[in-house]
Amino acid sequence: MALAESKPNLSHLQVSELVKRLFGLTPSQIHPLPSYDDQNFHLVVSEDDEYVLKVMNTEDSQNPTLLELQTHAMTFLHERGLPAQTVLPATSGQVMSLVDIDCGFGRQKYLVRLLTYLPGTTIAKVPCSPQILYEAGKMAAKMDAVLQEMEHPQLHVLQREKFIWSLSNIPLLEPYLHLMDGDPVQPVVKSVIQQYKTCIQPKLGSFRKCINHGDFNDHNILVQPDDSTSYKISGILDFGDMSSGYYVFELAITIMYMMIENPTPLDVGRDVLAGWESVIPLNEAERDALYLLVLCRFCQSLVVARHTVVQQPENKDYLMITTKTGIRHLCRLWELGKEAVERRWFQNAAQCPGKE
C-alpha cells in the first residue's frame with residue numbers, strides 16, 4: 001500500500017500550469033475529486049469542454065506498463081460501446097506524461113493523464129432501486145466479458161500477486177489486523193480470513209478466469225435518468241484496481257458496494273445477481289463461494305481503510321466512507337449465515353423486480 005508521501009498534493013496553481021504546459025489548455029474552473037491514493041481534478045475549460053486530470057501516486061507512477069494497460073482497457077471498452085472514459089494525448093502526442101513536481105515532500109515524479117469527462121451522477125447519490133441494481137450487475141458482467149477479449153503484449157502485468165485489493169490475496173490483510181485491536185468486529189474479520197483460506201483458496205481453480213475492473217463501487221458508476229422511473233449507466237470510472245481475477249470476484253465486489261447506502265441491503269444481492277446472470281450465469285463453485293467473497297470484500301475495505309487513515313489522517317472522511325455502514329453490514333451477514341443469505345439472494349433472483 002502506498003505511503004502517505006506518495007500521494008500527490010498539487011495546488012490549483014500547479015494544476016493550472018501543468019495543464020497549460022502539457023495540453024495547451026487553460027482551465028477556468030478546477031474542482032478536486034475524491035481519491036484513495038492519487039489526485040483527481042475536474043477541469044472546466046469552456047461550456048463544452050470538460051476533462052478529468054489524474055495525477056498518479058509516486059508508487060504507481062513507477063509502473064507505467066500497468067497504467068498503459070488501464071488506459072488500453074478503457075479505450076477497448078469505449079470502442080465496444082461501454083461508457084468508459086478515454087485518454088486525451090498531450091501536445092507531444094503522449095497519453096501519459098511523467099512530471100517532476102514538489103508537492104511538499106521534495107521533488108518527485110508523477111504520471112499524469114487527461115481523461116474525457118463523463119456526464120451523470122454516481123449511483124451513491126440516487127435512489128438505489130431494484131432496476132438500477134439489476135443494471136449494475138448486468139454492466140459488471142458485460143464489462144468483464146469484454147475485457148476478457150482484450151489483447152495486449154503485457155497482460156501478464158495484471159497478475160499483481162501482492163496487490164492487497166485483489167480477492168485472490170485476502171491473507172495479505174493479516175499483518176494489518178492489529179489496527180483493529182479492541183474493535184468488536186476484529187474476531188469476525190479474522191474468522192472470514194480463515195474461512196477464505198479453508199473454503200476459497202483450494203477451489204480457485206474451479207472459478208472462471210477473467211480481467212477484473214476490481215472496484216465497481218457506487219462512486220465509480222455514473223447514471224443518468226432513462227425515463228421518469230429508471231436510470232441507465234452513463235459512466236464507468238477508475239480502473240486503478242484492475243487485475244487478473246475471476247468473474248465471481250467482480251460480482252462479489254459489486255454486491256458489497258451496492259449494499260453500502262441501500263436501505264434494504266440484504267436484498268441487494270438478489271437484484272445484482274439477477275442482472276449479472278442475465279449475461280454470465282454462475283457455475284456451482286462460484287455460487288457456493290459468493291457469500292464468503294462478499295464478506296471478504298467488506299474485510300478488505302475495513303482493514304485497508306484503517307491502515308490508510310494512519311497514513312492520510314487528513315483524508316479520513318473519504319477513506320472511511322465504507323466503514324460507516326460496512327461494519328454493520330458485515331456483522332449482519334455473518335450473523336445470518338451462509339444458508340440464510342444465499343436463500344435470500346438465489347431463490348429470489350429469478351423473480352427480481354428489476355429483471356427485464
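Relative contact order for the chain: what percent, with Cα pairs under 8 Å and sequence separation of 6 or more?
Dividing the mean separation by the residue count of the chain yields 18 percent.
Think of a 1.4 Å ball rolled over the protein heavy atoms: the chain then has 43 Å² of accessible area per residue. Available extension along the chain between Glu335 and Asp181 is 53.4 nm, counting 0.36 nm per residue and deducting the alpha carbon span.
Just list whichever of Lys162/Lys232; Lys142/Lys162; Lys54/Lys142; Lys109/Lys138; Lys20/Lys232; Lys7/Lys203 have alpha carbons separated by over 32 Å in the model shown. Each step should come with its number before you reach the end.
Details: Lys162/Lys232 35 Å; Lys142/Lys162 27 Å; Lys54/Lys142 26 Å; Lys109/Lys138 39 Å; Lys20/Lys232 35 Å; Lys7/Lys203 37 Å.
Result: Lys162/Lys232; Lys109/Lys138; Lys20/Lys232; Lys7/Lys203 exceed 32 Å.
Under 1.5 on a/c is rounded, so check that first for the stretch 140-245, then, if it is not, pick prolate when a/b is larger than b/c and oblate when it is not; a ≥ b ≥ c are the square roots of the alpha carbon gyration tensor eigenvalues. In terms of gyration-tensor shape, oblate.
How much net charge surrounds Thr325 when only other residues with a Cβ under 13 Å from its Cβ are counted (Lys, Arg +1; Asp, Glu -1)? Mind showing how you got there, number by number?
Values: positive: Lys324, Arg328, Arg332; negative: Asp218, Glu261.
Net charge around Thr325: +1.
The modelled label-to-label distance for the pair Lys162/Ser234, using points 7 Å beyond Cα in the direction of Cβ, is 4.2 nm. Here, the stretch 1-100 yields an orientationally averaged convex hull projection of 7.1 nm² when only Cα atoms define the hull. With no solvent and one point per C-alpha, what does the Debye sum give as log10 I(q)/I(0) for the chain at q = 0.06, 0.12, 0.15 Å⁻¹? Result of the Debye calculation: -0.21, -0.89, -1.40. Once the convex hull of all Cα atoms in the stretch 203-250 is built, its volume per residue stands at 93 Å³.
Note on the chain: with neighbouring protein chains present and a 1.4 Å probe, carbon and sulfur make up 49 percent of its accessible heavy-atom surface. The phi-based Karplus calculation (6.51 cos²θ - 1.76 cosθ + 1.60; θ = phi - 60°) puts the 3J(HN,Hα) values of the stretch 272-287 at 5, 4, 4, x, 4, 6, 5, 10, 9, x, 6, 8, 4, 5, 5, 4 Hz, whole numbers, x for Gly and Pro. In the stretch 44-190, one over the average inverse separation of all distinct C-alpha pairs is 18.9 Å, which is the Kirkwood hydrodynamic radius. Electrostatic tally near Asn220: other residues with Cβ closer than 11 Å to its Cβ, Lys and Arg +1, Asp and Glu -1, net -4.
Enter the per residue convex hull volume of the stretch 200-316, computed from alpha-carbon coordinates, in Å³ rounded to the nearest integer. Kindly include the intermediate steps, with their values, before the conclusion.
Details: hull volume 16.3 nm³, N = 117.
Residue-normalised Cα hull volume stands at 139 Å³.
The stretch 105-180: D in µm²/s via Stokes-Einstein (Kirkwood Rh, Cα pairs, 4 °C, 1.567 mPa s)? Calculated translational D: 75 µm²/s.
In plain terms, the chain from Met150 to Arg208 could stretch by 19.3 nm, reckoned as 0.36 nm per residue minus the Cα-Cα distance.
The values are calculated or read from the model by the stated rules, or taken from the named source; none is laboratory data. This one's a predicted model, so the numbers in the text were calculated from it and none came from an experiment. All Cβ positions, even for glycine, are placed from backbone atoms using ideal geometry, and neighbour counts span all protein chains on display. Heavy atoms of the whole protein, side chains included, go into the accessibility calculation; ligands, DNA and RNA do not. Shrake-Rupley method; radii C 1.70, N 1.55, O 1.52, S 1.80 Å.
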